[in-house]
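Encoded as structure tokens, the structure appears first; notes follow it.
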Amino acid sequence: MAGLFETIRIREGRIPFLAEHLARLGAGLWRFGIEGAPPGLEQRLRQFEAEGEVVVRVTVDETGEVITQRPVPVADPMRVVTSTVPHDAYPAKSTVRAQFERARDEAEGRGAEEGLLLTAGGHLAEGTITSLFFWSDELLCTPDLGLGILPGIGRARVMTLARRAGIPVAEGRFAPAALLPGAPFLVNAVRGIVETLSLDDVEVRRDPRTVALRAEFWG
């Protein structure tokens, strides 16, 4: 049975983006015809704050919830490849993730840690577990939600930080050719901002603006 899930970081004994996770989960459940998250979920999640540093996954479907935990992953720079797996719309964080699983397997088979999926029209979409950003002169660019990508919590945080710093953000439909000169980086709400080590085996230059955003990500 398909459900919705959230992967939530507990960092230094607190949950930085809990309200955002619960809001996205609630919106996704309504999309699935389920009237909101189980009562008391926030309190059950907050119990994990005592763990200090951990990742919690909560999955909700018509039968109820399942909560599991795992160690916090490293956030080292990633080797990234452009996936041959086409991107299908993924506007809610559903447990139906075959496209991402195939793309992740493909990436690992090519010696990379992450794969970037393209839409049927050839536009940049998202990674298997990350949202995508890159620089274009003074602009910070990211694929538009209208492409059917997940409204990532890490994505929203980066956009907020950029605008607070006076950096203009462009959401749009971008070709893969824009990435290499644009110092692409990745983000999710578990790892934070993750720089890109290489793209399709070509080394990616480091941009100090990405480093500055990464330093501010957790607040």
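With respect to the chain, whose longest principal axis is taken over its alpha-carbon atoms, helix 98-109 is tilted by about 50°.
Multiplying the residue separation of residue 97 and residue 198 by 0.36 nm and removing their Cα-Cα distance gives an extension gain of 33.9 nm. What is the stretch 137-219 by shape, rounded, prolate or oblate, if you read a ≥ b ≥ c off the alpha carbon gyration tensor as root eigenvalues and call it rounded for a/c under 1.5, prolate for a/b larger than b/c, and oblate otherwise? Cα axes put the stretch 137-219 in the rounded bin. Summing +1 for each Lys or Arg and -1 for each Asp or Glu among the other residues whose beta-carbon sits under 12 angstrom from that of residue 10 gives +2. Averaging the Cα positions of each part gives two centres, and for the stretch 1-38 and the stretch 96-164 these lie 20 Å apart. Helix 18-31 and the longest principal axis of the Cα set of the chain meet at an angle near 80°.
The share of accessible area on the stretch 77-219 that comes from carbon and sulfur is 53 percent, using a 1.4 angstrom probe.
When each pair of different Cα atoms in the stretch 39-121 is counted once in the 1/r mean, what is the Kirkwood radius in angstroms, to one decimal? So the Kirkwood estimate lands at 15.4 Å. With all protein chains kept in place, the per residue accessible area of the chain amounts to 47 square angstrom at a probe of 1.4 angstrom. Measuring r between the beta carbons of residue 209 and residue 110 and using R0 = 35 Å, the FRET efficiency lands at 0.80.
Counting every pair of alpha carbons in the chain, the share spaced more than 26 Å apart comes to 35 percent.
The values are calculated or read from the model by the stated rules, or taken from the named source; none is laboratory data. Quick caveat: nothing in here was measured; it's all calculated off a predicted structure. As a convention, Cβ positions derive from the backbone with ideal geometry for all residues, glycine included, and neighbour counts pool all protein chains shown. The area values use the complete protein model at the heavy-atom level, side chains included, leaving out ligands, DNA and RNA. Shrake-Rupley method; radii C 1.70, N 1.55, O 1.52, S 1.80 Å.
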